[in-house]
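Undergrad: The structure that follows is given in the form of structure tokens.
The values are calculated or read from the model by the stated rules, or taken from the named source; none is laboratory data. Remember, it's a predicted structure, so these values are computed and weren't measured experimentally. As a convention, Cβ positions derive from the backbone with ideal geometry for all residues, glycine included, and neighbour counts pool all protein chains shown. Surface accessibility is based on the protein's heavy atoms, side chains included, excluding ligands, DNA and RNA. Shrake-Rupley method; radii C 1.70, N 1.55, O 1.52, S 1.80 Å.
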Amino acid sequence: MEDRRVKEQDINIVEAIRRHPLFQQYYKRLEQAEKDRRFCCHQMNHLLDVARIAYIQNLEEGLRFPKKMIYAAAILHDIGKARQYEEGIPHEIASAEIAEEILKDISLGKHKEFSDKNIFSEEEQQEILGAIRSHRIYREDMNSFEKLLYISDKKSRQCFACSAEQECNWSLDKKNMEIDL
Ligand SMILES: [Fe+2]
């Protein structure tokens, strides 16, 4: 039978981030912390919704950000959420700290799972970290990558179909109360 397992050296950098021990450790903590949560959760469905919305917007608006940067920022942007639940650290700060460690580790090439051409430059790493730090509070002077992550994160929520919408403390102007095209 054909071996369908992906060869280690063929995995892309976003999958390498997902497999990184630090990502796995914090992701498990997050799953545990949100297991009974009625409000928005921050697990893989949400992370990939954000990635896909951002990538669609990237194409529609001709922003030309590399797909790997968009997906990396999206899957890392809430990775520190468990630290907010458990330690009260704002999750955009905790997520950026964890993301920085993972991106640095991967970009130093300590991991041999993927080829060098896939790693992030120092500039790309900083852009990803900036967008993670800024994804919670809108600022007029956001750069376009920060804005892309911020908007995609908000758009990903289906408040009109959420049973906890009435109790949710998001302001009404942030809630998505209809399908937005
Ligand atoms: Fe999010």
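Undergrad: Kindly list, by first and then second residue, each pair from a residue in the range 69-95 that is open to solvent by 40 Å² or more (accessible area, probe 1.4 Å) to a residue that is part of a helix (DSSP H, G or I) and within 10 Å of the ligand (Cβ to nearest atom), limited to pairs with Cβ atoms under 6 Å and residues at least 6 apart or on different chains.
TA: Pairs that qualify, where the first residue is open to solvent by 40 Å² or more (accessible area, probe 1.4 Å) and the partner is part of a helix (DSSP H, G or I) and within 10 Å of the ligand (Cβ to nearest atom), are Q84/H91.
Undergrad: Can you pull out the residues in the range 157-176 that are over 21 Å from M44 (Cα atoms) and open to solvent by 90 Å² or more (accessible area, probe 1.4 Å)?
TA: Q166, E167, N169, L172, D173
Undergrad: Now for a separate question. Scan the range 128-145 and give yes if some residue there is polar (S, T, N, Q) and more than 22 Å from I17 (Cα to Cα), otherwise no.
TA: Yes: one or more hits.
Undergrad: While we're looking at this one, here's another question. Go through (1) in contact (Cβ under 8 Å) with a residue 24 or more places away in the chain; (2) of a type outside the set (A, V, I, L, M, F, W, C); (3) in a helix (DSSP H, G or I) and name the single condition Y55 misses.
TA: It is condition (1) that Y55 fails.
Undergrad: I'd like the residue in the range 26-53 that is within 22 Å of I70 (Cα to Cα) and open to solvent by 70 Å² or more (accessible area, probe 1.4 Å) and, out of all such residues, is farthest from the ligand (Cβ to nearest atom).
TA: Residue satisfying both the conditions and the ranking: R52.
Undergrad: Can you say whether L59 is of a type in the set (A, V, I, L, M) and open to solvent by 80 Å² or more (accessible area, probe 1.4 Å), as far as the supplied structure shows?
TA: yes
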